[in-house]
Amino acid sequence: MISPSLTQEITALHAGICSALADPRRILILYALNEKPSNVSEIAESLSMGQPTASRHLHLLRERGLVTAKREGQSVVNTLADQRIIQALDLLREVLASNLQNQAALAESVTEIRE
């Protein structure tokens, strides 16, 4: 049986982190910030998205504690709050790649059976 504390932790995880990762553009923003801290204009340009869109996504990422912002003169520079988010995303990408390889192998075996 799943404990109530695990249920609470998973609920908090979903509300905080998982929902922040629900949009692929936010994941791309995290990867861009992993490359270098950037202001909203730099992020928008590097990801070919409008500045208002990038700003909205950054706001949500800051709210969820995945990104921090620091004023530097006239600019606000965004950085990753915790490098481990990239490690977690990389691990999820590995799981996805493995799943795709398994599906490809299954498709190949089905094709061989038909032939």
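Each reported figure results from applying straightforward, stated rules to the coordinates on display, with no laboratory input. Just so it is clear, the model here is predicted, and its values are computed rather than measured. Cβ sites come from the backbone with ideal geometry, for glycine too, and all protein chains shown count toward neighbours.
Figures for the structure shown
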read-out	value
Additional length obtainable on full extension of the chain from Met1 to Gln74, 0.36 nm per residue less Cα span	20.9 nm
Candidate values [x] 52, 27, 20; [y] 66, 41, 22; [z] 49, 33, 27, label of the one derived for Cα extents along the principal axes in Å	[y]
Charge tally in the Cβ shell below 14 Å around Ala15, where Lys, Arg are +1 and Asp, Glu are -1, Ala15 excluded	-1
Length-normalised contact order for the chain - Cα pairs under 8 Å, 6+ apart - percent	22
0 to 90° range, to nearest 10: angle between helix 51-63 axis and the chain longest Cα axis	80
Most fluctuating residue given options Val77, Val95, Val67, as computed from a GNM of the chain linking Cα atoms under 10 Å	Val95
Part-to-part distance (alpha-carbon centres) for segment 12-63 and segment 65-90, which is given in Å	9
Theoretical FRET efficiency, 1/(1+(r/R0)^6), r = Cβ-Cβ of Val110 and Ala88, R0 25 Å, to 0.05	0.15
Inter-probe distance in nm under a simple model that places probes 7 Å from Cα toward Cβ, at Thr11 and Ala97	3.7
